[in-house]
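One structure is given below, encoded as structure tokens.
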């Protein structure tokens, strides 16, 4: 039953995918060439880290426009899944905070202030939390991680498929 649902022609009957059917059905976008795999993996990792929702569709469309492998693009988005997403977002937030060079003195003061507010109610803590700064740190960290992850994925994907094809021949 599931295999019937995943047939390309059935999927492309969707009103969202129908305009892109000719692009998505190109045979060259499904064959494992070094460049195609590298672009697909880079798109998948980039959008998998950068976008929390709808990442697979965006990665597939970007890979199709850049002539990358669509299957690898979809698989590359799985770098962030429900098990790894909290760690990725926490690390990205810390990276963003480091990128904006939050001085250690301010961090110590923030820790002391947080300890002093520990006895406050949850509502008053949320009311005093600076969501704008936290969002800025998260966005900067996610962007940096996505760019570096995409570049690393491109290099690793390119050389891995080249090595596999040479080993096969």
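The values are calculated or read from the model by the stated rules, or taken from the named source; none is laboratory data. Predicted, not measured: the structure shown is a model, and the values here were computed from it. Positions of Cβ are backbone-derived with ideal geometry, glycine not excepted, and every protein chain shown enters the neighbour counts.
Here are the numbers for the structure shown:
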quantity	calculated
Those helices (runs of 4 or more DSSP H) lying entirely in region 3-74 with at least 2 residues modelled with pLDDT under 90 and over 18 Å from residue 156 (Cα atoms)	8-11, 21-24, 55-65
In region 81-102, the residues that are part of a helix (DSSP H, G or I), out of contact with any helix residue (DSSP H, G or I) (no Cβ under 7 Å at 6 or more places or on another chain) and farther than 15 Å from residue 146 by Cα	86, 98
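For (1) at pLDDT below 90; (2) in contact with a strand residue (DSSP E or B) (Cβ under 9 Å, 6 or more places away or on another chain); (3) surrounded by 13 or more Cβ atoms within 10 Å (Cβ to Cβ); (4) in a loop (DSSP other than H, G, I, E, B), each residue gets a yes or a no:
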{"site": "132", "(1), (2), (3), (4)": "yes, no, no, no"}
{"site": "136", "(1), (2), (3), (4)": "yes, no, yes, no"}
{"site": "144", "(1), (2), (3), (4)": "no, no, yes, no"}
{"site": "147", "(1), (2), (3), (4)": "no, no, yes, no"}
{"site": "152", "(1), (2), (3), (4)": "no, no, yes, no"}
